[in-house]
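Following: one structure in structure tokens, then a few remarks.
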Amino acid sequence: MSKIIISPSILSADFANLERDIKLVEKAGADWLHVDVMDGHFVPNISIGVPVVKSIRKVTALPLDVHLMIENPEKYVKAFVEAGADILTFHYEAVSDVKNIIDLIKSFNVKAGMSIKPATSYDVVLPYLNSLDLVLVMTVEPGFGGQEFMADSAKKISQIKKSAPDSLIIQVDGGINEQTARICTGYGANSLVAGNYIYKSADISQAVLSLR
Ligand code: DX5
Ligand code: ZN
């Protein structure tokens with residue numbers, strides 16, 4: 001079985017102690033760091049932006065997996081790449097020209113990801129599977145950590161997996177814990193985002209390990 005990429009979501013970290021909390025997951029063996037960017041328009045919450053990504057870049061060598069939950073993401077691609085993003089994932093629902101933003105992201109030599117919300121059908125991603133590096137299937141309504149896993153949404157992973165090239169990273173985000181991770185990897189996911197499960201756990205290393 002290929003390796004599962006674990007990407008802890010710092011949305012559940014203590015923002016006043018972000019460096020400390022990043023080191024905790026780094027030591028626990030995390031592969032990437034998931035950074036949730038929210039604009040208060042695409043989702044009903046506001047989180048962090050470019051300056052924070054720039055600061056995080058200085059304190060960790062982990063690849064920065066930036067999840068853009070924002071309208072007009074194409075306007076911010078350059079800024080997030082310059083701030084240090086390694087993977088840039090936009091939402092299908094937030095763009096009018098999918099091919100254009102994929103090409104833009106890839107022109108900066110970073111990985112291009114596209115995410116779909118729970119109500120969006122899996123088939124919208126199919127035309128782009130050969131140009132994307134990553135597809136992110138949301139298993140909660142984007143906007144907040146700590147919500148309950150939506151099992152029906154996870155089923156889309158197996159539909160995508162059927163048509164995906166081997167190199168495609170299929171990531172899942174929302175309500176991931178030891179049990180729901182197993183469901184998703186069973187469907188073919190090979191990257192797991194987890195916020196509360198990791199950061200609210202008494203033993204962070206054990207939590208990361210249990211997801212593998
Ligand atoms: C939600 C974010 C997630 C969030 C996941 O909109 O995209 O990355 O941090 O949090 P948990 O794992 O707690 O559901
Ligand atoms: Zn996310």
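Within straight-line reach of Lys99, meaning a Cα separation under 17 Å, sit the following lysines at least 8 residues removed in sequence or on another chain: Lys75, Lys78, Lys111. When the square roots of the Cα gyration tensor eigenvalues are ordered a ≥ b ≥ c, the ratio a/c for region 1-94 is 1.5 or more and a/b exceeds b/c, which makes its shape prolate.
Bridging of Lys200 to lysines at a Cα separation below 22 Å is possible for Lys23, Lys27, once same-chain residues fewer than 8 apart are set aside. Taking the Cα centre of the chain as reference, the dipole from Cβ charges on Lys and Arg (+1) and Asp and Glu (-1) amounts to some 420 debye. Take every pair of alpha-carbon atoms less than 8 Å apart whose residues are at least six positions apart; their mean separation over the length of region 18-126 yields a relative contact order of 22 percent.
Other residues lying with their Cβ under 14 Å from the Cβ of Lys155 contribute a combined charge of +1, Lys and Arg counting +1, Asp and Glu -1.
Entry note, the chain: relative contact order of 21 percent, from Cα contacts under 8 Å with a spacing of 6+ residues. Cα centroid separation, region 1-20 to region 190-210: 8 Å. How large is Rg over Rh for region 62-139, taking Rg from the Cα atoms and Rh as the Kirkwood inverse mean of 1/r across Cα pairs? Taking Rg over the Kirkwood Rh, I get 0.93. Seen through its C-alpha gyration tensor, with square-root eigenvalues sorted a ≥ b ≥ c, region 144-212 comes out prolate because a/c lies at 1.5 or above while a/b is bigger than b/c.
Over the chain, dividing the summed -39,500 (n - 2.57) contributions of all DSSP H runs of at least 4 residues by the number of residues returns a 222 nm mean residue ellipticity of -9000 deg cm²/dmol.
Mean projected area of the convex hull spanned by the Cα atoms of region 5-211, taken over all viewing directions: 10.1 nm².
Annotation: the residues Lys162, Lys106, sorted from fewest to most other C-beta atoms within 10 Å of their own C-beta, follow the order Lys162, Lys106.
Only the coordinates and a few stated rules stand behind these numbers; no lab work does. None of the values given here were measured: they were computed from a predicted structure. Glycine gets a Cβ as well: all are built from the backbone with ideal geometry, and neighbour counts include every protein chain shown.
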